[in-house]
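The values are calculated or read from the model by the stated rules, or taken from the named source; none is laboratory data. In this text, all values refer to a predicted model and were calculated from it rather than measured experimentally. Neighbour counts are summed over all protein chains in view; Cβ atoms, including those assigned to glycine, are modelled from backbone coordinates with ideal geometry.
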Amino acid sequence: MVSIDTYNACVDFPIFDAKSRSMKKAFLGAAGGAIGRNANNTVVVEALKDINLHLQEGDRVGLVGHNGAGKSTLLRLLSGIYEPTRGSAHIRGRVAPVFDLGVGMDPEISGYENIIIRGLFLGQTRKQMKAKIDEIADFSELGEYLNMPLRTYSTGMRIRLALGVVTSIEPEILLLDEGIGAVDAAFMAKARSRLQELVERSGILVFASHSNDFLAQLCDTALWVDHGTIRQAGTVPEVVEAYEGKGAADHVRRLLKRMEEEA
């Protein structure tokens, strides 16, 4: 059964040279957590602290919070990229991470070959990915570039290819970060429609976003992540109101009401 269970999960980033201001600044900028010391008296940044999540199939959870609050670190914990320093994390189901789009892609081989490689990384079989190649090629609109090495692609072209692969699969657990820009607006509109279809096929969704409209469309509940901790959990309007205020929450409520009427 598909599920996510974390118990007092913490992620610490050690700073072995605590006297180096540039090193400390780099970690603090990336994690935004509190500074502490571990059992070995090493200075650490507490990027996530005491995270307790219990999600089942059908859950659609949005993550809100300022940049550096820990949203991306939490997605990486749930994907298995980061192991908990303390506590535990138990993830049951095939995970599709739509935030680190370059992982599992090789710059020296062609776009077509990378479709296969990226699919294998996401838990698909070679046969499954070969059956999807034409559809992914059509979506990406990369044409003859698919015969060329990935190193010849621009950043936007790489994202087109990666999005085509990721959104072609049937995920059990979908970890989505809206901040995947670097493509033109017309293609991003096309990609958002495809991402929404992907969400509908997924078992569990955890979605980090700064767009309240998108959160309202895709999520049933939300978490406010602040300095590496879960500050509040509840419905999307409740959490948006706590994080951004009544005006933003009222906008979400109006949007939800309009969606309900249209449905």
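Give just the number: which of (1) surrounded by 19 or more Cβ atoms within 10 Å (Cβ to Cβ); (2) at pLDDT 95 or above does Ser3 not satisfy?
(1)
Does segment 121-131 include one or more residues that are of a type outside the set (A, V, I, L, M, F, W, C), assigned to a strand (DSSP E or B) and loosely packed, with under 15 Cβ neighbours inside 10 Å? Outline the logic, then answer.
Pass one, segment 121-131, residues of a type outside the set (A, V, I, L, M, F, W, C): 123-128, 130.
Those still in the list that are assigned to a strand (DSSP E or B) too: none.
Within segment 121-131, not a single residue is of a type outside the set (A, V, I, L, M, F, W, C), assigned to a strand (DSSP E or B) and loosely packed, with under 15 Cβ neighbours inside 10 Å.
Could you list, in sequence order, the residues of segment 175-220 that are of a type in the set (Ser, Thr, Tyr), modelled with pLDDT of 85 or more and surrounded by fewer than 16 Cβ atoms within 10 Å (Cβ to Cβ)? Let's see the steps before the verdict.
Of the residues in segment 175-220, the ones of a type in the set (Ser, Thr, Tyr) are 193, 202, 209, 211.
Remaining after also requiring modelled with pLDDT of 85 or more: 202, 209, 211.
Within segment 175-220, Ser211 is the sole residue that qualifies.
Can you name the residue in segment 221-243 that is farther than 19 Å from Thr73 by Cβ and touching a strand residue (DSSP E or B) at 6+ places or on another chain (Cβ under 8 Å) and, of all such residues, is surrounded by the fewest Cβ atoms within 10 Å (Cβ to Cβ)? Steps first, answer last, please.
First, the residues of segment 221-243 that are farther than 19 Å from Thr73 by Cβ: 221, 234-238, 240-242.
Checking the rest, the ones that are also touching a strand residue (DSSP E or B) at 6+ places or on another chain (Cβ under 8 Å) come to 221, 234-236, 238, 240, 242.
Numbers: Thr221: 16, Gly234: 14, Thr235: 16, Val236: 25, Glu238: 16, Val240: 26, Ala242: 17.
Among those residues, the one meeting the criterion is Gly234.
Check every one of the strands (runs of 3 or more DSSP E) wholly within segment 183-238 and list those with 3 or more residues that are touching a Phe, Trp or Tyr at 6+ places or on another chain (Cβ under 8 Å). It would help to see each step written out before you state the result.
Numbers: elements: 204-208, 221-226, 229-235.
Per the criteria, 229-235.
Considering each residue of segment 45-67, count those that are touching a residue at least 40 places away in the same chain (Cβ under 8 Å) and assigned to a strand (DSSP E or B), and give that number.
Applying the first criterion (touching a residue at least 40 places away in the same chain (Cβ under 8 Å)) to segment 45-67 yields 46-66.
Subsequent filtering for residues that are assigned to a strand (DSSP E or B) retains 46-56, 60-64.
Going through segment 45-67 one residue at a time, the tally reaches 16.
Identify all residues within segment 239-263 that are within 16 Å of Gly65 (Cβ to Cβ) and either without any contact (Cβ under 8 Å) to a residue 12 or more places away in the chain or not in a helix (DSSP H, G or I) (or both); write none if there are none.
Glu241, Gly245
In segment 69-109, which residue that is at pLDDT 90 or above and touching a Lys or Arg at 6+ places or on another chain (Cβ under 8 Å) is surrounded by the fewest Cβ atoms within 10 Å (Cβ to Cβ)?
Filtering first and then ranking leaves Glu108.
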